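S.K.: Before anything else, here's the structure in question.
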Amino acid sequence: MPHSLSVIIPTYNYGRFLRDAIRSVFDQTVVPAEIIVVDDGSTDETPDVVASFGDTVRYIRQENSGVCATRNRGVAESSGKLVAFLDADDIWEPQKLEKQLAQFDADDRIGLVHCGMREFDSATNETIKFHVEGAETGVADNLLLWERPSMNVSGSVVMASREAFDAVGGFDPLMKVGEDWDFCYRVARKFKVGFVSEPLVNYRSHRAGAHLNLDNMERGMQIFYEKAFATDDPEILKLKRRAYANFHRVMAGSYFHEGRIDRFLSHSLKSIWMRPMGIRYFLEYPLRRANQSRGDGTGE
């Protein structure tokens with residue numbers, strides 16, 4: 001019997017990956033009630049790929065509106081009490097849905113279940129890294145603070161209840177990058193979170209990935225923080241300076257890695273201003289980077 005679960009696959013010009021993504025849904029040990037592909041105005045072979053699956057996959061096409069609007073459209077058109085998102089360039093392991101559904105079945109207070117993932121190189125299919133650390137408690141605070149692993153923030157690891165999705169208003173269409181982080185944070189503030197520590201998602205790393213654009217990432221996360229701290233809740237507001245200090249520290253390291261020293265210095269100073277006790281981290285930065293370079297042989 002199909003479970004009351006809808007699988008939403010947003011796609012934009014990912015026809016070359018889409019067939020593998022859809023097949024990974026059909027390979028699941030639990031049968032979802034429906035599979036919906038929402039095509040965000042693709043100009044490639046996407047319609048033909050979906051058509052090759054016949055009426056087992058529902059196809060919706062819209063004008064290009066961004067991944068948030070695309071996911072929201074899929075949920076609006078779906079009927080399941082639970083929704084699982086699969087980015088068109090990712091692939092699920094066969095037990096992904098079964099193991100997440102088990103957590104929803106065990107606790108009706110859960111609004112979102114996430115899981116571990118395997119990051120792999122799109123060109124070689126070789127594993128880059130396994131990401132299997134996560135949390136079930138303190139997830140919202142951890143997403144604010146970036147201080148400990150809380151969840152792998154990728155749409156493909158997320159299964160959410162329709163109740164939770166509706167309660168937070170879905171994904172924010174104004175966000176181009178960081179939308180998954182924002183959505184998961186808002187759900188975690190209102191609902192219990194579940195976690196499966198196994199790598200049940202194969203996350204494809206390739207040049208087209210939006211997360212690789214640091215400028216877009218910075219803008220997206222700034223929107224996230226502005227929204228998160230637009231509150232009167234003193235328990236959230238007391239984390240503000242610490243959260244911003246950590247955000248600027250992460251951005252500083254990312255820009256340093258790209259060789260953009262001006263942005264590295266800018267974010268370093270902002271981080272220190274927000275939390276002066278963090279100055280030691282930056283004073284030790286050259287030594288730490290040198291040790292990392294010797295360890296991985298990259299010289300970066």
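S.K.: Return a yes/no flag: does the range 7-28 have any residue that is among the acidic types (Asp, Glu) and closer than 19 Å to residue 179 by Cβ.
M.R.: No, because not a single residue in the range 7-28 is among the acidic types (Asp, Glu) and closer than 19 Å to residue 179 by Cβ.
S.K.: What is the one condition in (1) within 18 Å of the chain's Cα centre (by Cα); (2) under 14 Å from residue 196 (Cα atoms) that residue 95 does not satisfy?
M.R.: (1)
S.K.: For the range 6-20, enumerate the residues that are closer than 15 Å to residue 93 by Cβ and surrounded by fewer than 24 Cβ atoms within 10 Å (Cβ to Cβ).
M.R.: Matches in the range 6-20: 20 only.
S.K.: Would you kindly identify the helices (runs of 4 or more DSSP H) lying entirely within the range 161-256 that contain at least 3 residues that are surrounded by fewer than 17 Cβ atoms within 10 Å (Cβ to Cβ) and assigned by TED's automatic domain parsing to the domain that holds residue 147?
M.R.: In the range 161-256, 162-168 are the helices (runs of 4 or more DSSP H) which contain 3 or more residues that are surrounded by fewer than 17 Cβ atoms within 10 Å (Cβ to Cβ) and assigned by TED's automatic domain parsing to the domain that holds residue 147.
S.K.: Also: Pick from 34, 77: which is over 19 Å from residue 96 (Cβ atoms), assigned by TED's automatic domain parsing to the domain that holds residue 178 and acidic (Asp, Glu)?
M.R.: Going through 34, 77 in turn, the sole match is 77.
S.K.: Which residues, counting only those in the range 98-125, are over 24 Å from residue 16 (Cα atoms) and out of contact with any Gly (no Cβ under 8 Å at 6 or more places or on another chain)?
M.R.: Within the range 98-125, 98, 99, 101, 102, 105, 106, 108, 109, 111 qualify.
S.K.: A further question follows. For the range 215-257, how many residues meet the condition of being basic (Lys, Arg), modelled with pLDDT of 95 or more and closer than 18 Å to residue 278 by Cα?
M.R.: Adding up the residues that qualify gives 4.
S.K.: Considering only residues that are surrounded by fewer than 17 Cβ atoms within 10 Å (Cβ to Cβ), of a type in the set (D, E, K, R) and at pLDDT 80 or above, which ones fall in the range 271-287?
M.R.: Residue satisfying the conditions is 280 alone.
S.K.: Find all pairs meeting these conditions: Cβ atoms under 8 angstrom apart; at least six residues apart or on different chains; first residue within the range 122-146 and under 24 Å from residue 241 (Cα atoms); second residue among the β-branched types (Val, Ile, Thr).
M.R.: 135/193; 137/193; 139/193; 143/153; 144/236; 146/250
S.K.: If you scan the range 120-160, which residues turn out to be assigned to a helix (DSSP H, G or I) and either more than 22 Å from residue 66 (Cα to Cα) or not assigned by TED's automatic domain parsing to the domain that holds residue 70 (or both)?
M.R.: 139, 140, 141, 142, 143, 144, 145
S.K.: Filter the range 226-248 down to residues that are among the charged types (D, E, K, R) and in contact (Cβ under 8 Å) with a residue 60 or more places away in the chain, then give me how many there are.
M.R.: Of the residues in the range 226-248, 1 are among the charged types (D, E, K, R) and in contact (Cβ under 8 Å) with a residue 60 or more places away in the chain.
The values are calculated or read from the model by the stated rules, or taken from the named source; none is laboratory data. Since this is a predicted model, take the numbers as computed values, not measurements. Don't worry about glycine lacking a Cβ; one is built from the backbone with ideal geometry, like all the others, and counts go over all protein chains shown.
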